[in-house]
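Reviewing the structure listed below.
The values are calculated or read from the model by the stated rules, or taken from the named source; none is laboratory data. Not measured: the values here are computed from a predicted model. As a convention, Cβ positions derive from the backbone with ideal geometry for all residues, glycine included, and neighbour counts pool all protein chains shown.
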Amino acid sequence: MNATATDSNAITGRVFNFSAGPAAMPAPVLKQLQEELLCLPGAGASLMELSHRGQVFTDILHDAEGTIRALYGISDDYAVLFLQGGAALQFSMIPANLIRGNGKTAQYLVTGSWAKKALGEAKKEGNVEVIYDAKDSNYDHVPSPSDYKVREDAAYLYHCSNETIQGVQFGEEPACPAGVPLVCDASSDLLSRPLEINKYGILYACAQKNAGPAGVTVVIIRRDLLDHAPADLAGYMTYKNHADNDSMWNTPPTFAVWALGKVARWLADDIGGLEAMQKINEQKAKRLYDVIDSHREFYLGHAKAEYRSKMNVTFNLPSDELLGKFVKEAAANELASLKGHRSIGGIRASIYNAMPREGVEALASFMTDFASKNG
Ligand SMILES: *Cc1c(COP(=O)(O)O)cnc(C)c1O
């Protein structure tokens, strides 16, 4: 398979898609899905038409899980679950399992829109405490360990590793006492870099940024955390049900799991794993930030330099008029979906794993050219 969207095999008419999510998928994966969609070789039917209990899908699910386990070196101390409900359901499932009805307190680091939304849902489930909130600086950074203190008896410490809307990213895990489970929303950076899973209690991500199509959410959970749910919690909400039933407590999103498995395989086999992916992602991000830094009067970066996201590059232009012109001219140059989230405005270039270097190069050239003509 080949990693670019512009090679001779690619479907014609595809532009460089900087959408924040659902986002670009690797073209070779889409092509393989297309080829196998009508009839999965040897199965006599489309994967979408097969029982989730049958051997064909069971093998696909195990293969997807196995590939993710291999990429991160995940031990058997963790369950890897494929759930529905997106990241949003995890905002509720985590506190429902870990603090509902038990009087414990969960602590939150609020570094942008997604952590804030997760906090709002957690408040409905039990005691929560915000130990850091970056709102006074309009969410342009993440805290250092000396900026907050985690209680030794906290039910968990929650953070979002990459704030997709503001474009700020944790370079390393927050400081967390050994006895406190670290919980992470990695929706927009899972599979983009290596991580030490052993540092986490729960790490989860919806798939539609970096890992596949919308409809499946990967939850990596330390097995000792499966036993904390209140007995009257809804069945679907209870992690243990999913872990005990191989993510088949009810019908899983079979198509999305299939596609996610293929993305994971592309990453392992074609890219060469998470370290190789990280290197590519760092180079891509640097290319765009270098353009921003060499036109400081013109491109106004949102995040402070040390906390810049490698996935979502956010910046503004000197006026709304120029902003509109930028988006319009970029689109005419086949650079799509660059408009920032309505809550912070500006431009957001999402450059997840599947964005080829050529796409970043095309955007960087466009930006340089646009600045020289309009600056
Ligand atoms: C996209 C995103 C979400 C929301 O995901 P849904 O699947 O729509 O619930 C949550 N957190 C982060 C970091 C995201 O990027």
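For every residue, the table says whether it meets (1) under 23 Å from the mean Cα position of the chain (by Cα); (2) away from the ligand (no atom under 15 Å from the Cβ); (3) assigned by TED's automatic domain parsing to the domain that holds Thr238; (4) at pLDDT below 95.
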{"site": "Leu119", "(1), (2), (3), (4)": "yes, no, yes, no"}
{"site": "Lys124", "(1), (2), (3), (4)": "no, yes, yes, no"}
{"site": "Lys135", "(1), (2), (3), (4)": "yes, yes, yes, no"}
{"site": "Asn138", "(1), (2), (3), (4)": "yes, yes, yes, no"}
{"site": "Ser161", "(1), (2), (3), (4)": "yes, no, yes, no"}
{"site": "Val168", "(1), (2), (3), (4)": "yes, no, yes, no"}
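Need the failing condition index for Arg14 against (1) closer than 28 Å to Ile165 by Cβ; (2) loosely packed, with under 14 Cβ neighbours inside 10 Å; (3) among the charged types (D, E, K, R), just the number.
(2)
Could you pull out every one of the strands (runs of 3 or more DSSP E) wholly within region 173-255 that has 1 or more residues that are away from the ligand (no atom under 16 Å from the Cβ), more than 24 Å from Lys149 (Cβ to Cβ) and touching a helix residue (DSSP H, G or I) at 6+ places or on another chain (Cβ under 8 Å)?
217-222
Which pairs turn up if I take residues in region 197-224 that are in contact (Cβ under 8 Å) with a residue 40 or more places away in the chain and assigned by TED's automatic domain parsing to the domain that holds Ala70 and look for partners that are more than 9 Å from the ligand (Cβ to nearest atom) and acidic (Asp, Glu) with beta carbon separation below 7 Å, at least 6 apart in sequence or on another chain?
Arg222/Asp77; Arg223/Asp77
Given the condition closer than 22 Å to Tyr78 by Cα, surrounded by fewer than 16 Cβ atoms within 10 Å (Cβ to Cβ) and polar (S, T, N, Q), answer yes or no: does some residue in region 217-236 qualify?
no
What are the pairs with Cβ atoms under 8 angstrom where one residue, in region 89-114, is of a type in the set (Gly, Ala, Ser) and the other, located anywhere, is part of a helix (DSSP H, G or I) and surrounded by fewer than 22 Cβ atoms within 10 Å (Cβ to Cβ)? Sequence gap at least six, or different chains.
Between residues of region 89-114 that are of a type in the set (Gly, Ala, Ser) and residues that are part of a helix (DSSP H, G or I) and surrounded by fewer than 22 Cβ atoms within 10 Å (Cβ to Cβ), the close pairs are Ser92/Glu121.
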